[in-house]
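Okay, structure first, notes after.
Derivation of every value follows stated rules applied to the coordinates shown; laboratory data play no part. From a predicted model like this one, the values you see are computed outputs, not experimental measurements. Here the Cβ is made from the backbone with ideal geometry for all residues, glycine too, and neighbour counts use every protein chain on show.
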Amino acid sequence: MKEYTVKISDKGTIAVDDTILVKGAQCAAGSRILEGFKPLFSAEAVTRLEDKGYVVAGKTQVGEFGLDLVGEFSYYGEKAEDLKGAAAQLVSKGDVKAALGVDMNGATRRAAALSCVDFLKPTYGTVSRYGVVSCAASGEQVGVYASNVEGIKEIMSVIAGHDDKDGTSLRKAAYDYDTSLPVAGKKVCIIKELLEKADEETRKRVEDFAEKLRSNGVVVDEISCDIFDIANTTWQILMTAETCNNVSRYDGVKFGYRAQEYKNIDELYVKTRTEGFNFLTKAVILYGSDTLSKNRYDDCYGKALKVRRVVAEKYAELMKEYDSVLTPVCSKTAYASYDISDAFEIVFKESVFTAVANLIGVPALVSGGVQLMGKHFDESVLLSLAGSTERVGE
């Protein structure tokens with residue numbers, strides 16, 4: 001597997017996915033449409049790491065704009081039968097200490113689960129999005145891959161905090177992360193409906209993780225909750241609408257790929273986008289255009305915004321009783337290669353496990369191949385719960 005799109009330093013300890021800018025290194029977000037684009041500045045998260053002495057090893061493969069399962073449809077990648085995320089694989093093999101990834105539709109969390117590494121999608125607004133190739137701005141967030149919760153804590157402590165350059169950045173100057181809070185007496189719920197959507201091996205991962213939590217004094221209940229399917233449909237509407245709007249800037253005029261033959265400006269736009277975007281991105285654009293159209297705006301996009309608030313309120317009610325939600329990250333422990341024409345439907349079905357965290361901005365931690373979601377700003381609780389399972393048997 002070709003993990004890097006651009007190798008920057010053999011002494012690097014941090015990998016950066018190809019939707020995050022690194023000064024002078026091609027940033028194409030896995031798409032032909034941005035081929036040759038080299039930014040004049042680095043993302044804020046990258047700058048903060050470099051200021052602390054970390055060295056970027058290189059840019060890693062991502063699926064075009066992070067829309068696929070785990071990065072399988074990168075224009076610069078190689079087709080593989082066993083699908084795994086590039087950044088997660090580098091961390092898994094120990095080639096880098098940690099990696100930055102943008103979680104927009106759950107691809108980073110799925111990749112972490114498949115490679116058995118940790119990934120934290122933090123609370124929305126706690127890490128600057130300045131320098132991210134943006135698609136769905138209201139839900140995407142820079143997160144961290146590492147081999148364990150201590151690695152997550154180390155990198156998050158550097159990159160989190162307010163940034164004036166990012167209008168979505170929260171005002172708090174810095175955040176403290178703890179991996180050793182007492183977990184005995186904490187309450188975790190397993191969502192029955194999500195567990196039923198996973199295969200036997202994935203369910204066993206969740207059950208084994210739950211047993212480790214129980215051995216540390218955590219109370220684990222299995223409950224029913226109907227918000228996750230609703231959250232997925234809502235997020236896909238909002239995500240496609242925002243992506244449609246954001247990728248409209250890629251037209252072959254100022255930067256990136258340009259069609260070679262065209263007779264007028266309209267033909268330049270059409271041919272550049274036809275040749276530059278893959279099938280999945282085009283499907284997302286078409287769906288997003290439909291939801292934003294005059295006849296559908298109120299029924300689709302407007303209603304989705306209202307449902308987002310309802311989901312947030314129902315999730316908040318759930319979290320009054322529990323400290324965390326334990327779920328699968330994906331329906332299986334490995335993905336086989338598939339045709340891109342099926343991608344829109346496949347990704348939609350898999351996103352049911354991840355969408356709620358993007359939709360309402362709560363933190364989500366992948367560890368041991370499963371997912372813990374919590375309350376806003378409760379990353380330390382999630383890290384401590386996962387940390388307690390990582391220490392079992394030591």
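Observations on the structure shown:
- Length-normalised contact order of the range 110-227 in % [C-alpha pairs under 8 Å, at least 6 apart]: 22 percent
- Loop trypsin sites (Lys or Arg not before Pro), the range 312-394 (other Cβ atoms within 10 Å of the site Cβ: 16 or fewer; DSSP): LYS332, ARG391
- Near the amide H of GLU222, within less than 5 Å, lie the amide hydrogens of ILE190, all on another chain or at least 5 residues away, with H placed in the peptide plane.
- Annotation: amide H of TYR335 within the under-5 Å range of LEU83, sequence separation 5 or more or interchain, hydrogens built in the peptide plane.
- Simple point charges give the picture: +1 on the Cβ of Lys and Arg, -1 on the Cβ of Asp and Glu, and for the range 322-394 a dipole about the Cα centre of about 120 debye.
- Estimated vicinal HN-Hα couplings, Hz - the range 106-113 in sequence order (Karplus 6.51, -1.76, 1.60; Gly, Pro = x): x, 4, 5, 5, 5, 4, 4, 5
- In order along the range 241-257, phi translates into HN-Hα couplings of 5, 5, 5, 3, 5, 6, 7, 5, 6, 8, 10, x, 8, 9, 7, x, 5 Hz, rounded to whole numbers, per the Karplus curve 6.51 cos²θ - 1.76 cosθ + 1.60 with θ = phi - 60° and x for Gly and Pro.
- Shape analysis of the range 270-314 based on the Cα gyration tensor places the equivalent ellipsoid semi-axes at 29, 13, 6 Å, largest first.
- Residue pairs, from the table LYS11/LYS375; LYS172/LYS197; LYS121/LYS303; LYS97/LYS282; LYS197/LYS294; LYS172/LYS192, whose Cα atoms sit over 30 Å apart: LYS11/LYS375; LYS172/LYS197; LYS97/LYS282; LYS197/LYS294; LYS172/LYS192
- Taking the range 235-327 and dividing mean pair separation by its residue count, relative contact order in percent (alpha carbons under 8 Å, at least six apart): 35 percent
- Principal semi-axes in Å for the chain [√(5λ), Cα gyration tensor, largest first]: 32, 24, 19
- For the range 32-43, the Karplus equation 6.51 cos²θ - 1.76 cosθ + 1.60, evaluated at θ = phi - 60°, returns couplings of 5, 4, 10, 4, x, 6, 10, x, 8, 8, 9, 4 Hz by residue, with Gly and Pro reported as x.
- Under 5 Å, built H, 5+ apart or other chain: amide partners of THR5: LYS59, THR60, GLN61
- Using the alpha carbons alone, the radius of gyration of the range 1-95 stands to its Kirkwood radius in an Rg to Rh ratio of 0.95.
- Looking at the range 149-202, the GluC sites (Glu not before Pro) that sit in a DSSP loop and have at most 11 other Cβ atoms within 10 Å of their own Cβ are GLU196.
- In the frame of its principal axes, the range 87-238 has Cα extents of 43, 36, 32 Å, reported largest first.
- Relative contact order of the chain, defined on C-alpha pairs under 8 angstrom at six or more residues apart (%): 21 percent
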